[in-house]
1. (1) in contact with a His (Cβ under 7 Å, 6 or more places away or on another chain); (2) of a type in the set (Gly, Ala, Ser); (3) assigned to a loop (DSSP other than H, G, I, E, B): which one isn't true of Gly133, the others all being true?
2. Could you tell me how many of the residues in region 32-48 are part of a loop (DSSP other than H, G, I, E, B) and touching a residue at least 12 places away in the same chain (Cβ under 8 Å)?
3. In region 93-114, what residues are buried (at least 18 other Cβ atoms within 10 Å of the Cβ) and either assigned to a helix (DSSP H, G or I) or of a type in the set (S, T, N, Q) (or both)?
4. Can you go through Gly78, Gly29 and tell me which one is surrounded by fewer than 14 Cβ atoms within 10 Å (Cβ to Cβ) and free of Cβ contacts under 8 Å to residues at least 24 places away in the same chain?
5. Given Ala174, Ala125, Ala120, Ala149, which one is closer than 23 Å to Gln24 by Cα, over 17 Å from the mean Cα position of the chain (by Cα) and touching a residue at least 40 places away in the same chain (Cβ under 8 Å)?
6. In the set Leu70, Leu52, which member is farther than 24 Å from Gln126 by Cα, at pLDDT 95 or above, part of a helix (DSSP H, G or I) and out of contact with any helix residue (DSSP H, G or I) (no Cβ under 9 Å at 6 or more places or on another chain)?
7. In contact (Cβ under 8 Å) with a residue 40 or more places away in the chain, within 15 Å of the chain's Cα centre (by Cα) and in a loop (DSSP other than H, G, I, E, B): is that true of Val62 in this structure?
8. How many residues does region 136-162 hold that are surrounded by fewer than 19 Cβ atoms within 10 Å (Cβ to Cβ), in contact with a helix residue (DSSP H, G or I) (Cβ under 8 Å, 6 or more places away or on another chain) and under 25 Å from Leu38 (Cα atoms)?
Amino acid sequence: MERLEILGLPLDPVGMEEALARVQGFLEGPGTHQVVTLNPEIVVRAQEDEALRRAILEAELVTPDGVGILWAAKRLLGRELKERVTGVDLTLALFRRFPGIRVYLLGGKPGVAERAAEEAQRLGAQVVGVHHGYFQEEAPVVADIRAKAPDLLLVGMGERQETFIHRHKAHLGARVAMGVGGTLDVLAGEAWRPPLWAQRLGVEWLLRVGLDPKRWKRAPRLFRFAHMVLRERR
């Protein structure tokens with residue numbers, strides 16, 4: 001499948017089924033494959049963060065996460081993408097598609113990954129390791145992941161997750177490593193997902209930002225993304 005380019009970054013025009021097929025291929029092959037779920041905020045940050053930009057450029061799969069990405073693809077490229085493939089939706093789909101998949105959960109506050117592990121196992125995954133995201137020394141964490149050799153490494157560490165995966169990609173020992181944002185919080189019951197109607201209308205991000213004051217400082221990036229797309233269009 002031919003890759004697209006949005007504001008200098010790659011994008012694979014996959015729907016959920018195509019994404020699952022790609023991940024299945026990764027699980028069956030050697031090495032570690034990075035999956036990035038691209039949203040407008042990451043695009044904006046990557047314009048000034050070279051390490052993040054490099055991680056996205058070298059990722060084996062970059063999915064459209066966010067209604068803004070679908071809008072940008074149509075506006076800039078004239079491409080009508082099938083659907084959003086978000087971190088949380090892809091995670092849940094992987095649990096369903098591959099029962100018993102060996103998973104390592106990394107991220108969240110202390111205790112969150114453990115509670116997320118309980119839900120992941122209820123959904124059919126085999127959790128082989130967990131670690132919170134509040135650590136300074138990366139080497140011991142990488143060593144633990146490598147020792148557990150998971151099929152799937154889920155990293156929920158906010159702005160650190162993509163670069164952490166990329167930096168240690170050769171030493172993680174996981175088949176697939178994916179940054180999943182707040183997915184661990186959702187699994188642990190620490191965060192809620194907006195109702196299905198909001199997800200279908202593509203206003204999930206609006207509800208999240210509007211109802212969570214901690215996210216307000218991130219809102220300007222969404223407006224900057226829109227400005228970048230419109231400027232590029234002109």
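1. (1)
2. 3
3. If the condition is that a residue be buried (at least 18 other Cβ atoms within 10 Å of the Cβ) and either assigned to a helix (DSSP H, G or I) or of a type in the set (S, T, N, Q) (or both), then Leu94, Phe95, Val112, Ala113 are the ones that fit.
4. From the options Gly78, Gly29, the qualifying one is Gly78.
5. Going through Ala174, Ala125, Ala120, Ala149 in turn, the sole match is Ala149.
6. Exactly one residue qualifies, and that residue is Leu70.
7. no
8. Residues in region 136-162 being surrounded by fewer than 19 Cβ atoms within 10 Å (Cβ to Cβ), in contact with a helix residue (DSSP H, G or I) (Cβ under 8 Å, 6 or more places away or on another chain) and under 25 Å from Leu38 (Cα atoms): 3 in total.
The values are calculated or read from the model by the stated rules, or taken from the named source; none is laboratory data. Computed from a prediction, not measured in an experiment: that's the story for all the values here. As a convention, Cβ positions derive from the backbone with ideal geometry for all residues, glycine included, and neighbour counts pool all protein chains shown.
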